[in-house]
Amino acid sequence: MTMNTSLPLDSVVSPFAPKLCREYEAPSSAAEKLTMTVGPVPFTSGVRPAERKFLPGYDSGVLCLIIGVFLLLAYNFRHYSTFLKNFTYDLWTVRHTDDTSAVRTFTETGIQISIVLLACLCEGIIINAALSSSGYTTPLPTFPEIAALTVGAAVYYLWQLMAYRIVGYVFTDKLSGRQWLKGFNASQSLLGMALTIPALVVLFNPDVAPIVVTIGVVCYILARLIFIFKGFRLFYDNFGSLLYFILYLCTLEIVPPVIIYRCIGFFSQLHP
């Protein structure tokens, strides 16, 4: 038997009557219950923290490399004025007589080595940023990868130094060959100083990697063009020397970077 609840209830409360109430007497109406949250309220549990993005600059090994190179540079940079004077001299000047005042001291050699190491480290950092921004990964963590790229850049520098020494010994006199090598070292010093700030920026802000990589490529090309121009001024005598110069460009300036790029592509899985 169904009880008709639409009829008015007795105004006299009976202890035996069912405990019913009208809708307006309820703590909340049926419509209000539809908008109520059942369970824990989201804002009372706080905001879920975002995962901290790992940056190459947070790696202790990378920071140790940077600090070590800068300490070595600071130790050897006591006579920086003499180095800067000889640096610009070696970068542009071509002389045809021997100059005993151009002899380098041990301190200047130490500065040269420090800046070349800085250039190799900056190249390793920028290449690592280029690989990461392109979506390519290697099986190595950040520090070993940057260290391996830095060692690779240093090996490439030593190979170039040896190749230029051999070419200078075979195709020119001792004085011109020595000036050519000094021009190469000066161009690498210029490259190291130009890449320092972009490399430090991309360590802590990988989002600007495309811009930094572009700057790095432009700086590398400009440094090579300055060195090539000095070599042309040293070696060009006639049309025959021009042919040898073109052969040198193809052998030492074009083919090695292409091979290195292909090797990095192979080891870094640059095949989407």
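With both labels modelled 7 Å from their Cα along Cα-to-Cβ, the Ile260 to Ile211 distance reads 2.6 nm. Among Arg165, Arg95, the ranking by other beta carbons within 10 Å of each residue's beta carbon, starting with the fewest, stands as Arg95, Arg165. With only Cα atoms counted, the stretch 124-207 has Rg and Dmax values of 16.6, 49 Å. With a Förster radius of 45 Å applied to the beta-carbon distance between Val94 and Glu51, the computed FRET efficiency rounds to 0.20. Taking 0.36 nm per residue of separation and subtracting the current Cα-Cα distance, fully stretching the chain between Glu253 and Ile197 would add 17.6 nm. Sorted fewest first by neighbouring Cβ atoms within 10 angstrom, Met193, Met162 come out as Met162, Met193.
Panel order for Thr142, Thr251, by other beta carbons found within 10 Å of each beta carbon, from fewest to most: Thr251, Thr142. The Cα-based radius of gyration and maximum Cα-Cα distance (Dmax) for the stretch 56-267 are 18.0, 55 Å.
Values in this text are rule-based calculations from the coordinates and carry no lab data. Small disclaimer: the values here were computed from a predicted structure and weren't measured. Note: ideal-geometry Cβ built from the backbone for every residue, glycine included; neighbour counts use all protein chains shown.
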